[in-house]
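Colleague: The structure follows.
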Amino acid sequence: MGNCKYCGKPAGFLRGKHAECEEKHQQRERVIQGGRQRIALEILRAIKGSESFDSLEKTITEIEQSSFVPPTERKALLAKGWENSVEQFLEDGILDTTEEKRLTEFKERFALSQSELDRNGALTKTAKAAVLRDVLNGVIPQRMSIGGNGDRTIFQGPKAKKSGKNRRTKFST
């Protein structure tokens, strides 16, 4: 005799769940998924808008509570919303300075790390788009600078690591 994996009560011979318990579980999962989608939509709307992000935080909290979305998923949902916004902004092939500023404000407001934002390459796409915009506008990005104290900085990608006394940069692949 097995116990129901949802309620823990006896489920019957060779059964692992009650039909009613499974239906309730699936219904709750649909509510949670709907909440995740609403949060993603609100994030996209907020980034594309021009208002402060304070109201977004309140809206996300309300959706989490009403849709049973665990607060532990907030960071991942914020990062996913940021990624979706990047994709929307790049649909026209150009990331303008206003869009870049909104993305930066969102990143800073919600303390999202570079690794969280570049999990699927969105941060790298943003950097490339910004460089392309600058080149198209006639601004050549500085790739190498040599300081007066003997330090030299060469363009560093996301996988660059500094090591040694002479501050040499090693690149890993």
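The values are calculated or read from the model by the stated rules, or taken from the named source; none is laboratory data. The structure presented is a predicted model; accordingly, all values stated were derived computationally and were not measured. Because the Cβ atoms are built from the backbone with ideal geometry, glycine has one as well, and the counts that use them run over all protein chains shown.
Colleague: Which is of a type outside the set (S, T, N, Q) and within 30 Å of VAL139 (Cβ to Cβ), of LEU78, LEU44?
Modeller: LEU44
Colleague: Separate question: Regarding THR59, is this residue out of contact with any Leu (no Cβ under 8 Å at 6 or more places or on another chain), among the polar types (S, T, N, Q) and surrounded by 15 or more Cβ atoms within 10 Å (Cβ to Cβ)?
Modeller: Spelling it out, THR59 is indeed out of contact with any Leu (no Cβ under 8 Å at 6 or more places or on another chain), among the polar types (S, T, N, Q) and surrounded by 15 or more Cβ atoms within 10 Å (Cβ to Cβ).
Colleague: Also, I was wondering about something else. Run down ARG143, ARG133, ARG119 and say which single residue is under 25 Å from SER50 (Cβ atoms), at pLDDT below 95 and not hydrophobic (A, V, I, L, M, F, W, C).
Modeller: That would be ARG133, the only listed residue that is under 25 Å from SER50 (Cβ atoms), at pLDDT below 95 and not hydrophobic (A, V, I, L, M, F, W, C).
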